[in-house]
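The structure appears below as structure tokens.
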Amino acid sequence: MPAVSEIQRRSLHDLPFTALAREMDGLSPVHTKALWRALYHETATDLTQRAEFLPPLRRWLDGAASHLSIDHPELAADTASSDGLTRKFLLRLVDAQTIETVLMRFDGRFTACVSTQAGCAMGCVFCATGQMGFTRHLRPGEIVAQVLHAQRTLRARDEPGLRNLVLMGMGEPLHNYDAVMTALEIISDTRGINIGPSRITISTVGVVPGILRLAEEQRPYHLAVSLHGATEEDRSALVPASRRWPLAELIAACRTYGAKTGRRIFFEWTLIAGQNDSPAQAAKLGALLTGLDAHVNLIPLNPTNGFAGTASATAAATEFQRTLRAAGLPSTVRQRRGIDVAAGCGQLRVEKSRL
Ligand code: SAH
Ligand code: SF4
């Protein structure tokens, strides 16, 4: 196993363009651009054999090699769903932690779902990642590397590049705020990967200070808030983090976010049979979100070993949606993508660790 210094060693993939240019102080911008192009257009995994690198850049890279690495996680598992629309990767980081990245196809367009932490500290009872606990935050480069892995996979199949990105893999993005914002700056840079901010969604369990900071900093990404319950009692039974950031505070933060940014907020609701899928609960959700520019994404539960619940029946989901509509709240029932590849958050890692 690599030494701790190896884990903490910064990588070129941790640096947005301006930080990279600063790091390359004294070299002409031509070299920063050449390196950036190799990293993010060519999605290079080896910088030693690139004919286009001029001697000053070569020399700089040789010198930087002692304190800067690149992120190129090893592929530990690769599974495809039987319908061919979802592919799930388990990537092994330098300290042998494994994280999940999912590539999904919707109407011929590709979305990557990436992880922001190894494990998660929030402990949502139905979530495989929550059930495994928190190990560590990911560095920006470890988040960027997942997108690059998805891009390389698409390129190898002659498919168009990624169109959308969702931060809905393992971990809580707003618990790793700075690294996530740096990664998104790199990923949305028009000189490189170029996934526009309007095609990027951050999903949060409801870290109130993080939501307020996103609003304060006018971050241009979409925000999705995982609710799952419309009363404090219902929600905290599923989402222990609700005790730290109570529902009333969370909704107040969402209202502030909406007012400051003028953006619609997406609310995620995992539908669990008999637990949070009744028309009465839908009506409470409608009342809770009154006046907010909101859209609800209903996600039937993906069963996990650590939680006894089951997914709501289609009829219950339809009725839930009807009640929301009557309250003026638009909603979508998300398809369960690739359940046969354990595409629920954290589930592939759990499965592989059992082998
Ligand atoms: N930590 C963030 C983002 C990662 S989880 C968050 O919680 O929002 C992404 C989404 O997947 C969340 O809405 C989460 O509630 C949902 N999810 C997790 N486990 C699930 C499961 N077993 N079935 C259905 N949805 C699940
Ligand atoms: Fe963490 Fe999100 Fe899973 Fe909750 S649902 S445990 S916040 S990854």
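The values are calculated or read from the model by the stated rules, or taken from the named source; none is laboratory data. What you are looking at is a predicted structure, and each value in this text was computed from that prediction instead of being measured. A quick note on method: Cβ atoms are made from the backbone with ideal geometry, for glycine too, and the neighbour counts reach across all protein chains shown. The area values use the complete protein model at the heavy-atom level, side chains included, leaving out ligands, DNA and RNA. Shrake-Rupley method; radii C 1.70, N 1.55, O 1.52, S 1.80 Å.
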_Given the options Leu154, Leu167, name the one that is assigned by TED's automatic domain parsing to the domain that holds Trp245, open to solvent by less than 10 Å² (accessible area, probe 1.4 Å) and within 16 Å of ligand 2 (Cβ to nearest atom)._
Leu167
*Got a number for residues in the stretch 163-193 being out of contact with any helix residue (DSSP H, G or I) (no Cβ under 7 Å at 6 or more places or on another chain), away from ligand 1 (no atom under 15 Å from the Cβ) and not aliphatic (A, V, I, L, M)?*
3
*Looking only at the stretch 117-125, decide whether some residue is in contact with a helix residue (DSSP H, G or I) (Cβ under 8 Å, 6 or more places away or on another chain), crowded, with 19+ Cβ neighbours inside 10 Å and not hydrophobic (A, V, I, L, M, F, W, C).*
yes
*In this structure, is Met132 in contact with a Gly (Cβ under 6 Å, 6 or more places away or on another chain) and modelled with pLDDT under 95?*
yes
_The conditions are (1) in contact with a Pro (Cβ under 9 Å, 6 or more places away or on another chain); (2) in contact (Cβ under 8 Å) with a residue 60 or more places away in the chain, and Leu301 fails exactly one of them. Which is it?_
(1)
*Do we have any residue at all in the stretch 137-151 that's in contact (Cβ under 8 Å) with a residue 24 or more places away in the chain, crowded, with 22+ Cβ neighbours inside 10 Å and under 25 Å from Gly306 (Cβ atoms)?*
yes
*Residues being farther than 15 Å from Cys127 by Cα, surrounded by 21 or more Cβ atoms within 10 Å (Cβ to Cβ) and not aromatic (Phe, Trp, Tyr): count how many of those fall in the stretch 266-280.*
2
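Each row is one residue, and each column tells you yes or no for (1) within 16 Å of ligand 1 (Cβ to nearest atom); (2) small (Gly, Ala, Ser); (3) open to solvent by 60 Å² or more (accessible area, probe 1.4 Å).
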| residue | (1), (2), (3) |
| --- | --- |
| Pro56 | no, no, no |
| Ala64 | no, yes, no |
| Ala77 | no, yes, no |
| Thr86 | yes, no, no |
| Ala96 | no, yes, no |
_Out of everything in the stretch 238-265 that is more than 14 Å from ligand 2 (Cβ to nearest atom) and not in a helix (DSSP H, G or I), what residue ends up being surrounded by the most Cβ atoms within 10 Å (Cβ to Cβ)?_
Ile265
*Criterion violated by Asp234 - all others in (1) assigned to a loop (DSSP other than H, G, I, E, B); (2) within 16 Å of ligand 2 (Cβ to nearest atom); (3) surrounded by fewer than 20 Cβ atoms within 10 Å (Cβ to Cβ) satisfied*: (1)
*If Leu292 satisfies every condition in (1) assigned to a loop (DSSP other than H, G, I, E, B); (2) away from ligand 1 (no atom under 11 Å from the Cβ); (3) in contact with a Ser or Thr (Cβ under 9 Å, 6 or more places away or on another chain) but one, which is the exception?*
(3)
*asked:* Looking at the stretch 291-308 only, could you name the residues that are open to solvent by 10 Å² or more (accessible area, probe 1.4 Å) and in contact with a Gly (Cβ under 8 Å, 6 or more places away or on another chain)?
replied: Leu292, Asp293, Asn302, Pro303, Thr304
*asked:* Yes or no: the stretch 171-178 includes at least one residue that is open to solvent by less than 20 Å² (accessible area, probe 1.4 Å) and farther than 22 Å from Met132 by Cα.
replied: no
_Which count do you get for residues in the stretch 189-201 that are open to solvent by 10 Å² or more (accessible area, probe 1.4 Å) and under 14 Å from the mean Cα position of the chain (by Cα)?_
3
*Output the residues belonging to the stretch 202-225 that are open to solvent by 20 Å² or more (accessible area, probe 1.4 Å) and among the hydroxyl-bearing types (Ser, Thr, Tyr).*
none
